[in-house]
Structure formats: C-alpha cells, structure tokens
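The values are calculated or read from the model by the stated rules, or taken from the named source; none is laboratory data. For clarity, every value in this text was computed on a predicted model and none was experimentally measured. Because the Cβ atoms are built from the backbone with ideal geometry, glycine has one as well, and the counts that use them run over all protein chains shown. The accessibility values were calculated without ligands, DNA or RNA, using every heavy atom of the protein model including side chains. Shrake-Rupley method; radii C 1.70, N 1.55, O 1.52, S 1.80 Å.
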Amino acid sequence: MGITIEPLGARVLVRPLEGEEKTSGGILLPETAREKPQQGIIEAVGDEEEMTTDLKVGDRVIFPKYTGTEIKLDGVDYLIMDESDILARIKE
Amino acid sequence: MGITIEPLGARVLVRPLEGEEKTSGGILLPETAREKPQQGIIEAVGDEEEMTTDLKVGDRVIFPKYTGTEIKLDGVDYLIMDESDILARIKE
Amino acid sequence: MGITIEPLGARVLVRPLEGEEKTSGGILLPETAREKPQQGIIEAVGDEEEMTTDLKVGDRVIFPKYTGTEIKLDGVDYLIMDESDILARIKE
Amino acid sequence: MGITIEPLGARVLVRPLEGEEKTSGGILLPETAREKPQQGIIEAVGDEEEMTTDLKVGDRVIFPKYTGTEIKLDGVDYLIMDESDILARIKE
Amino acid sequence: MGITIEPLGARVLVRPLEGEEKTSGGILLPETAREKPQQGIIEAVGDEEEMTTDLKVGDRVIFPKYTGTEIKLDGVDYLIMDESDILARIKE
Amino acid sequence: MGITIEPLGARVLVRPLEGEEKTSGGILLPETAREKPQQGIIEAVGDEEEMTTDLKVGDRVIFPKYTGTEIKLDGVDYLIMDESDILARIKE
Amino acid sequence: MGITIEPLGARVLVRPLEGEEKTSGGILLPETAREKPQQGIIEAVGDEEEMTTDLKVGDRVIFPKYTGTEIKLDGVDYLIMDESDILARIKE
C-alpha cells in the first residue's frame, strides 16, 4: 500500500511490540510503581536536522508507556512521539 | 470569493477531514485513552522565516484533537494552530 | 481629539469588531467548546524593533476571545494585547 | 524633601491616577470581566542598560490593576513595577 | 566580633528596619491587599561578577515582605535574599 | 547473552544495589523525611557528546529513590535515568 | 577509611552542624515562619568547571533546612545539595 507517514520535527513513528514478541530476547519490562516502559520498533524518523539522536528505521527501542499519539494504519497500531521520549535502544 | 486568511508567525490554517473522507487511504485514528489525533489538509501557512518545517498548502497532516482555534469561512470549518502541533504528514 | 495610545514593546492596539460588521465578508467565528476567536482592526502597533510580524494599522485580524486588556477612549472599546496573540490576518 | 526612590533593574516608579484626574482626556478604563487597567505617571525609571523601552519621567501610562508594590512617600501612594508590566503610553 | 557573613552568588545580606527607624524620612510602606514591602540596609553583597546591580553596603533598600532567609547574629536579625528581590534604593 | 541496552541522549543505565551489597563500605542511605537516596552501578552510558559528566561503566553512584524507568533483563533489574539524576560517585 | 564521596556536576557534600557546635560563633538560625536556614561544613565539591562559586572544603556555610539528599557514612550524616542552594559562607 502506498501510504507513508512522515513524522514532523524531532518526532519518530514507533510500532509497539506486544505480548510474546515483546519478551523475546530476555528483556522484561515490569509494571511496578515506577514509570512503566514499553518496547517498539522505529518505523519512520522525522527531520534529520532537528533530531539529536541517530535513531534509524528498524531500531528496537524502549519508551515510557502512555507516551505519544496513537495512529492505526491498515489495522496496525502505531505511535508518534518525540525523539526525546525514547529512553534506550536494544542491540542484539 | 476574495477573502484569504493569512496565519501569523509559525502557524498554519488546517481544514479538518471528517467521516469517510478521513478514513480513505486506510488510516484510522482510534479514540482511546491516549491523546486523540485528527486528520486535515493544510490550507495556508504562516511566516516562512519563522517556520521550521516545510509544510505546504495541500499537505495531508495529523494533529491532536482539540488543538487550535476554529474559524468558519463560507460555511467551511477551519483550524488555526501552531506548526509544532502538527505531528506528521501523510504521503500517498 | 489629540489623544493617541502607543502600545509598548511587542504589543498592538486592536478595535474589536462586533455584530454585523464582524460577519461581513463571509467569515463566522463560531462559539464552540474550542478556544473562541474574535475579529478586530489593528489601530496602533508597538516597538517595531521588538515586533516579529509586519502587522500594520488597518489590518483586519483574528485573535482568541478574552485576550488582552480593555481600554475605552471617547466611547470606543479597544484592546491592548501581545502581538503573538494575533492568530491570523484577513485579506479581502 | 530630599528623598528619592531609585527603582532597581528594569523597574519603574509610577504614581497612579485616581478619580477625575484619570478620566480627563477622554480615556476610560472600564472594570469588566477582563484584566483591569489603570493609569499613572512615571516618576522614576530604573537601570537604563537593562530597560528595553524608552519610558521617561512624566510619561502617562496604562498598566494592569493590582500590579506592582505599593510605597507611600509623604502621604502620596506610588507603585514600583516591572517595565514590562506597562501596557501603553498615552500621548496628548 | 570577628564573624562576617559572605552572601554567595547574586545574593545580598540585608538588615531589616523596624518601627520608628523605618518611618524616618517620610516613607511609609502600607500593608494593603497588594504585595507588602519592607525597608532595610544592605550589610553585605555577593559575587560582584554575578551581580547586575551596583548595590553597596549601606544602601537603604525596599524589598517585598516575607522575602529571603532569616539569620540571627549576636542578637540582630538579618535576611539573605537574591539581589533581584530588591525593588528600589532610597536616596536622601 | 548478546543483548545490550544503549541509553539514548544524556541517560545512563544503572543496576541498583540492594541489601548487604549496598551497606558494604560503611555507607548507609537512611530513609528519613528527606529525599531518599539509593546506590547502584553504572552499566551503560548514553551519547558522550550530550553528557556533561565523565560517568563510566562500573562507577558506583548515588541517586534519589524512585528515579528512572525500570527494565528487567535476564531476571536482573535495571534503571534508565538522566545523567543529571546521579547525585555523587563513590570511590573506594 | 578509604571511601570518598565525589559530588557530580555543580553539587557539594555538606556535613550539617547540630546543637552547640552550631551556635558557637554567635550565629543563631531562628525557626520562624520564613524559610528555615541551617549551618554546615563543606566536605567535598563537584565539577569545578560547572561550579560558579569558589566554595572550598572546610568552608562553613548556611543553607535552607530540608535542602538536599541525606547520606550516612560511618555513622556520620551528610547532605548532597546543589551549589546554588548554599546561601552564604561564614568567615571568622
């Protein structure tokens, strides 16, 4: 399908990982009294001149739960959020 | 009709898409517990020297619901909002 | 009458348009749940070195309702507000 | 009497106008639901290097009510306030 | 006694004036609904490179009531406060 | 195991020390009415160009309790937090 | 004992003075309705490039009560706080 979503400014488009996909690799993001994290895959990045990280499409990242704005495209849920909301990148 | 609305500073004029027009293209903006997004078309842009994006008239964009100030011109609803409120551009 | 009001800094003096005068030209500013806009005419501008727009005396502008400070001069109501409070200029 | 009050930084000393003195010249500052303005005369200005306006002693100015700190000198009430609190200068 | 108090950064040490001493010179600081001012004498100034005023030891100043931190030295009350809290200097 | 967590921006990954491990070395972090501190070991640091400290992997550090976002990797709890949340480094 | 605590950034490590030690020298820090001050000795300073004062180990200082994070080392209580929280230095 020919639709692409281009984040504006220093924003990224993230596909959140759910359930089994999320625990593969041995990382578990516990739901405790602290700020809750979530995993996802970077699907698009915004304006390179405004971004300060080198986040790239395909990066597996951790971000706080309830961050960003939800978009559903062809039945898939995405999140648009500020680059600075991404806490860490996971490398395997 | 000879009336044009010129947004000031880093603002844009947006015509929000409603109903069927909004779901064409396979994108769906779900109303969940998160921040609610909405689609629209850029109808005018503000001062180019103050704007940091390259948003152009005709761009299809996503922005959080309840953003901006409503204006009705010849029976059509428009929104004036800050350029930085635009989350992403949709390309088909 | 020889009294003039000179806005200080990046402020403008606006004469708000009411009733019929306001709807001429086909623009209607609906009162909904969103931020309420209002129309007016720029009657004086502040310090040009501090202003970032090119707003001029006579410009017809849109600004959020309940913005600015009211002044009554010779029976006419005016508003003093920050230049950045002006959302857009209307050109006919 | 040899006492002078020297405002510090970008502050001004204002003698508020009351009653008849205030309405001379045709300006009326109505008390409505909006921010309430008041008239006064500049009696002293602060550090010229820190001030961004050219407010001078003797200028007749408008400022929001309930702004500044009250001082009484020889039975006369004055207000010390930030230069940026002054909305406009009145010229006759 | 050999103890001195050296304010750090852009702070000053002030000895507040009370009662009769405070009203000498014809200045009265009324307690009204507005911000309440108080008089005092500058007893020490902080880092000259960080200070933007030329406040000097011995200056008689006005500052808002309930500003600063109280210190009692040899039975005398002092206040340590930010230089920017000083509203005006009184010259006789 | 081949998974590494790379903190983004000026963030660090910390493994908090618990129980006996935490009191070795004579330091005790009391739980009082003040802000509660906790000890940990730096396991990864973020973007060196954005960081202003020289925190290194292996550093033993003190940080306020309830700071950061929890991640569990292979059964071990970690925290991702801003570099500026680290209060002090402990050297033995 | 070979443990040292190195404050990070523009922070200092302070050993608060209590009881008789605190009143020696004639200074008394009254507990009133204002912000409450406390005395202490600087035991360690942070990154010299980030600090703007010349606070040195051994300096006797005044800081607001309930400032900083408590650490207990070998039975002695310390506080880690921002350099800018230190109000003044006491010289005898």
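So the values come out like this:
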| item | result |
| --- | --- |
| Amide H contacts of D:Leu8 (H built 1.01 Å from N, under 5 Å, at least 5 apart or other chain) | E:Ala88, E:Arg89 |
| In Å², nearest 10: area of D:Met51 left accessible to a 1.4 Å probe | 20 Å² |
| Closest approach to the D/E rotation axis among chain D Cβ atoms, residue and whole-Å value | D:Ser84, 16 |
| Solvent accessible area, Å² - F:Ser84, 1.4 Å probe, full protein context | 80 Å² |
| Occluded residues from region D:63-86, i.e. those whose accessible area drops by 40 Å² or more once the chain is not alone (1.4 Å probe) | D:Thr69, D:Glu70, D:Ile71, D:Lys72 |
| Heavy-atom accessible area order for D:Glu18, F:Glu50, E:Glu70, largest first, 1.4 Å probe | D:Glu18, F:Glu50, E:Glu70 |
| Solvent-accessible surface ranking, highest first, for C:Val45, B:Val61 at 1.4 angstrom | C:Val45, B:Val61 |
| Residue-level accessible surface for A:Leu55, protein heavy atoms, 1.4 Å, Å² | 10 Å² |
| Efficiency of FRET between F:Glu50 and C:Glu18 - r from beta-carbon atoms, R0 60 angstrom, step 0.05 | 0.65 |
| Other-chain or far-sequence residues with amide H under 5 Å of B:Tyr78's (modelled H) | B:Ile71, B:Lys72, B:Leu73 |
| Solvent-accessible ranking of B:Arg15, G:Arg89, largest area first, probe 1.4 Å | B:Arg15, G:Arg89 |
